[in-house]
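Okay, structure first, notes after.
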Protein chains: 2
Amino acid sequence: MTVLFERVAISGVGLIGGSLAKALKEKKIVGEILGVGRHEERLQRAREDGIIDGYAAHLDASLGGVDVVVVATPVGMIVDLTKKMIPFLKKGTIITDVGSVKKEIVREIAQFIPDTLHFVGAHPIAGTENSGFEASFATLFENSTCVLTPVSTTSPVAVAKIKELWSRVGSHVVSMDCDRHDEILAAVSHLPHVIAYSMVNCLLKREGFEKTILSFSAGGFKDFTRIAASHSEMWRDIILMNRDKVLPAIELFQDYLNELKEAIEKGDGEKLFSEFQKSRTFKRLMKEKEVTPPSSEC
Amino acid sequence: MTVLFERVAISGVGLIGGSLAKALKEKKIVGEILGVGRHEERLQRAREDGIIDGYAAHLDASLGGVDVVVVATPVGMIVDLTKKMIPFLKKGTIITDVGSVKKEIVREIAQFIPDTLHFVGAHPIAGTENSGFEASFATLFENSTCVLTPVSTTSPVAVAKIKELWSRVGSHVVSMDCDRHDEILAAVSHLPHVIAYSMVNCLLKREGFEKTILSFSAGGFKDFTRIAASHSEMWRDIILMNRDKVLPAIELFQDYLNELKEAIEKGDGEKLFSEFQKSRTFKRLMKEKEVTPPSSEC
């Protein structure tokens, strides 16, 4: 296959940016990768590791040569950084992001992006509890889902190119409305993080419990600690930026927990059994579907 | 090493009972294993698989030849089954269990066990989300913790023997009060299961969400579905039997979740960051301690 873009800039060479760089190189999808970031020393190491070909520790004329910029910073920085990069970009450059929240980012960027450039909101749903390019790997996106959130004014050609970029690194690409994306992610990703943090921290608050947990934690609890070990700054920003969707999701969770608690109080074994069976049946369904990709095509 | 017991009966040859049988055989800790259960066909298969040497599908005189009985049934059956087995056991037989809840079991059995027999409450903290002897494996207890809950009248010799049994299959054995055991397990195991069931089910309740979850669930959420796929009957019984400890644990969780929710509502990023950092720091501590066994010796 031919090269999709001659020159790509990746702003934020962390877990996602680093993994994308590795995948793009390995599969020869792009000619050259320019790393953009604040920490020159880290960019230097990323270049030494062969993850990027060159770097810019400041926004400057070197950005003028790229065909696409992937903004892979924490969500809180995407809008500002995009605004600051615009003056350096050549006509026709596509800007895309990897943010876990879309509505605010897409809406704000739409307000200032010039007609000569394109912005395509994107969210590759992939990651681990680790962060930094040291944790990155080329196969991170294989069999993952990548959501694109174009708006009515987004260039279909730009959307098609970003779709191809993510498809070629192994993602199944789907397209949807920003608002719907944010609602779904609040439910299947942001809420689970809030719950995992709550699970771990409500035990840590109990006096003398830290040592107890270390000695007696069983299988289930360890999974919570893994989720709750995710990057604090990143998750603070995601949850605050998407709070309009996260708060109602927390409330639905609270209502349901109260329902279960009431059944426990009443000793209602029948209710508990039938509720627990729902999760169990669903997990089986999930396992069956693991081989089948989602149906809503981009 | 010499054989610890000549003949052992395991009542309930499921994941725990089956794994114990495999470990006892592999390490030559016992001479002969008798499987006890309600389903003759399954016992027959367990014998064909070499997990047990013989079986009793009814409580009968064959139990008179054993030195120890391990009751490895769901918690709701342990007390009744123990009562029914007693008439068949020879003088000096040790009865022990593997129940995840201890206070009710230990208290009830103490009321009817004759002076000629011994009961040692035990809880090997091990398991997977699977059940049945088909899922059993000999190394399940390696590096796990097994809690013994002897009372003042329990024979120290019987306790020492059960301690050796679990030590020799790889468990680190500790001893503690039933009440304390139930409080700790409510926090580190029973509560996490209630929360995981709530997390999965609160999404399943949302209309049309089942397909959405299948398509978009990311890393974190999948861990919840794994925990929530645990055996429904078993977890119903555990949670109801330990509800005096589980309900206060749920309430502490609810209080904490409300605290986080309030911080999200207020947009209090500082609070969210510092709370998230607590979990993250704790996970690091957990990783460091993974090589160190718990300190409270039996």
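Here, each number is a calculation from the coordinates, and none is a lab measurement. On a predicted model such as this, the values are computed, not experimentally measured, just so you know. Note that we place each Cβ from the backbone using ideal geometry, even for glycine, and neighbour counts take in every protein chain shown.
Quick look at the values:
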read-out: ³J(HN,Hα), Karplus 6.51/-1.76/1.60, whole Hz, each residue of the stretch B:252-267, x for Gly, Pro; value: 5, 5, 4, 4, 5, 4, 4, 4, 5, 4, 4, 4, 5, 4, 6, x
read-out: Base-10 log of normalised Debye intensity for the stretch A:5-176 (one unit scatterer per alpha-carbon) at q = 0.14 Å⁻¹; value: -0.64
read-out: Violating pairs (Cα-Cα greater than 21 angstrom) within the set B:LYS83/B:LYS245; A:LYS271/B:LYS205; B:LYS163/B:LYS287; A:LYS91/A:LYS161; value: B:LYS83/B:LYS245; B:LYS163/B:LYS287
read-out: Long-range amide H partners of A:SER175 with built H, under 5 Å; value: A:LEU148, A:CYS298
read-out: Estimated translational D of the stretch B:173-291 in µm²/s (Stokes, Kirkwood radius over Cα pairs; 25 °C; 0.890 mPa s); value: 146
read-out: Percent of beta bridges antiparallel (DSSP, chain A, rounded to nearest 5); value: 15
read-out: Sequence of A:ILE10, B:ILE105 once ranked by neighbouring C-beta atoms within 10 Å, starting from the fewest; value: B:ILE105, A:ILE10
read-out: Residues B:GLU265 and A:GLU259, FRET efficiency given R0 of 22 Å [Cβ-Cβ distance, rounded to 0.05]; value: 0.45
read-out: Fewest-first sequence of B:SER155, B:SER144 by Cβ atoms within 10 Å of each Cβ; value: B:SER155, B:SER144
read-out: Spatially proximal aspartates and glutamates relative to B:LYS289 (Cα-Cα < 15 Å; intrachain offsets below 8 disregarded); value: A:GLU210
read-out: For the protein assembly as shown, share of DSSP beta bridges that run antiparallel, in % to the nearest 5; value: 15
read-out: Normalised per residue, the volume of the convex hull around the Cα set of the stretch A:25-67 (Å³); value: 61
read-out: Diffusion coefficient, µm² s⁻¹, Stokes-Einstein with Kirkwood Rh over alpha-carbon pairs of the stretch A:9-87 at 4 °C and 1.567 mPa s; value: 104
read-out: Choice from A:SER100, A:SER217, A:SER232 with maximal GNM fluctuation in chain A (Cα, 10 Å cutoff); value: A:SER217
read-out: D (Stokes-Einstein, µm²/s), Kirkwood Cα radius, the protein assembly as shown, 1.567 mPa s at 4 °C; value: 49
read-out: Cβ nearest the rotation axis (A onto B), residue from chain A and distance to the nearest whole Å; value: A:ASP223, 2
read-out: Förster-model FRET efficiency, 51 Å R0, B:SER155 and B:GLU41, C-beta, rounded to 0.05; value: 0.85
read-out: Pair B:LYS287, A:ALA57: separation of 7 Å Cα→Cβ label points (nm); value: 2.7
read-out: Length-normalised contact order of chain B in % [C-alpha pairs under 8 Å, at least 6 apart]; value: 16
read-out: Calculated [θ] (222 nm, deg cm²/dmol) that DSSP helices of n ≥ 4 give over chain A, each run adding -39,500 (n - 2.57); value: -15500 deg cm²/dmol
read-out: Radius, Kirkwood style, for chain A when every pair of distinct Cα atoms is counted (Å); value: 20.9
read-out: Per-residue HN-Hα couplings for the stretch B:18-34 [Karplus 6.51, -1.76, 1.60; θ = phi - 60°; Hz; x = Gly/Pro]; value: x, 5, 4, 4, 4, 5, 5, 6, 4, 8, 6, 8, 10, x, 9, 10, 9
read-out: Between the stretch A:65-139 and the stretch A:30-62, the alpha-carbon center distance in angstrom; value: 16
read-out: Degrees separating the helix A:103-112 axis from the principal Cα axis of chain A, which is the longest one; value: 20
read-out: Distance in nm between pseudo-label sites at B:GLU108 and A:ALA110 (7 Å out along the Cβ direction from Cα); value: 6.2
read-out: Cut-off under 5 Å, modelled amide H: who pairs with B:TYR55 long-range; value: B:GLY35
read-out: DSSP bridge pairs, the stretch A:5-176: antiparallel proportion in percent, nearest 5; value: 15
